[in-house]
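Here's the structure we're looking at; comments come further down.
The values are calculated or read from the model by the stated rules, or taken from the named source; none is laboratory data. Worth saying up front: this structure is predicted, and the values here are computed from it rather than measured. Counting neighbours? That spans all protein chains shown, and the Cβs are built from the backbone with ideal geometry, glycine included. In case anyone asks, the SASA skips ligands and DNA or RNA and just uses the protein heavy atoms, side chains included. Shrake-Rupley method; radii C 1.70, N 1.55, O 1.52, S 1.80 Å.
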Amino acid sequence: MIEEIVFKGVKGIKLFNKCISVVVLPSIGGKIASCYHKAKDFELLFQNKQGYYRQAELGEDFVLFDCSGFDDCFPTIDSCNIKYENKQIEYPDHGEIWTADFDYKIEKESVGLLYCSQLLSYVYRKRVSIKDNKLHLSYKITNQGKEIIPCLWAMHCLINCSEEMRLHFPTQTNKVENVLESNYLGEIGKIHPFPLTIDNYGNEYRLDRVFSNSANKYEKYYVCGKVSEGSCGVYYPLEDVRFSINYNKELLPYLGFWVSEGGFKDDYNCAFEPSNGYYDSVVTALEKGKVYQLEPGKLLEFTLELSLS
């Protein structure tokens, strides 16, 4: 079933069945604000701590807003400058989509969202539906301009952390690359064996686990190179809940992982970030030759399936 609601002061759309409920906020970038497992009374997504949402304007700093739930990052994560149509264009922090006010249409079993870019010549379509314990997301991004759009799409789905949780990376993951300066993992670009490495203090460091909220740190690293499979997720042993993400590894071949253990805005959350760019900034990805080039008149189309079981 689908109904319109007010969620923390903002118009939302709730999709629900006997297994799960999902809340979408069209005016806040099409954010997935809640993904709730009914039988376990378990909220997967990290929640807005203020209890209300502020509408961000295009180009504003992501960190100044709520930093919760599941946002789409497109056409970049880190802000950067790109030459487009013979002028320099600034790709905003965490992209354009999180600030977008989407048009939407409620259909019998899904919600369709539509946004026409203010920045570049693309149209962004997103469709949300649920079935049993699964959330289905489909995307269609069309370049309606006359020039190639270098871009990356990344899933920015902030989920709640616990010290007991177990991180499940794609099989055959054996190395990760650190992409944030870190007291523990060292300089940007440092390669670590996975899942067990030695940190800068000489201690064993589990890359498939999280620290406590009192650690007062945050990290980000990427699986080195392309993933072996389009599957990753988390198991919460105390709640006996498994969160799984499944996608096409050919269309989203790279995988980042972000975690804040109290070090970023006192938040305690983490996010697997499937992406078609390596890594975070389109400029960096261009330098590495690992970025998606959306050609004129062409369509970038992909799907995600998220499950709570």
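Does region 153-174 contain any residue that is hydroxyl-bearing (Ser, Thr, Tyr), at negative phi and open to solvent by 40 Å² or more (accessible area, probe 1.4 Å)? Steps first, please.
So the first thing to find is which residues in region 153-174 are hydroxyl-bearing (Ser, Thr, Tyr), and the list is 162, 171, 173.
Cutting the leftovers down to at negative phi gives us 162, 171, 173.
The next check asks that each one be open to solvent by 40 Å² or more (accessible area, probe 1.4 Å); those that pass are 171.
Taking every residue of region 153-174 in turn, at least one turns out to be hydroxyl-bearing (Ser, Thr, Tyr), at negative phi and open to solvent by 40 Å² or more (accessible area, probe 1.4 Å).
Return the total of residues in region 239-249 being farther than 14 Å from ALA154 by Cα and either out of contact with any Ser or Thr (no Cβ under 6 Å at 6 or more places or on another chain) or open to solvent by less than 10 Å² (accessible area, probe 1.4 Å) (or both).
Adding up the residues that qualify gives 4.
Only one residue in GLY289, GLY256 is closer than 24 Å to GLU177 by Cβ, touching a residue at least 12 places away in the same chain (Cβ under 8 Å) and small (Gly, Ala, Ser). Which one?
GLY256
Any idea how many residues of region 250-275 are within 25 Å of VAL210 (Cα to Cα) and either open to solvent by 50 Å² or more (accessible area, probe 1.4 Å) or not in a strand (DSSP E or B) (or both)? Quick ask: steps written out before the conclusion?
Filtering region 250-275 for residues within 25 Å of VAL210 (Cα to Cα) gives 252-275.
With the extra rule that they be either open to solvent by 50 Å² or more (accessible area, probe 1.4 Å) or not in a strand (DSSP E or B) (or both), the set shrinks to 252-253, 263-267.
The total comes to 7.
Kindly provide the set of residues from region 175-192 that are outside any loop (DSSP other than H, G, I, E, B) and open to solvent by 30 Å² or more (accessible area, probe 1.4 Å), ordered by number.
Within region 175-192, LYS175, ILE191 meet the criteria.
Name, by its number, the condition in (1) hydrophobic (A, V, I, L, M, F, W, C); (2) farther than 25 Å from SER214 by Cβ; (3) assigned to a loop (DSSP other than H, G, I, E, B) that does not hold for VAL283.
Evaluating VAL283 over (1) hydrophobic (A, V, I, L, M, F, W, C); (2) farther than 25 Å from SER214 by Cβ; (3) assigned to a loop (DSSP other than H, G, I, E, B) leaves (3) as the failure.
What single numbered condition from (1) more than 17 Å from ILE141 (Cα to Cα); (2) without any contact (Cβ under 8 Å) to a residue 60 or more places away in the chain; (3) not in a strand (DSSP E or B) fails to hold for TYR218?
With respect to (1) more than 17 Å from ILE141 (Cα to Cα); (2) without any contact (Cβ under 8 Å) to a residue 60 or more places away in the chain; (3) not in a strand (DSSP E or B), TYR218 is out only on (3).
I need a count of the residues in region 111-141 that are touching a residue at least 24 places away in the same chain (Cβ under 8 Å), under 23 Å from SER68 (Cα atoms) and either touching a helix residue (DSSP H, G or I) at 6+ places or on another chain (Cβ under 7 Å) or not hydrophobic (A, V, I, L, M, F, W, C) (or both).
So the answer is 9.
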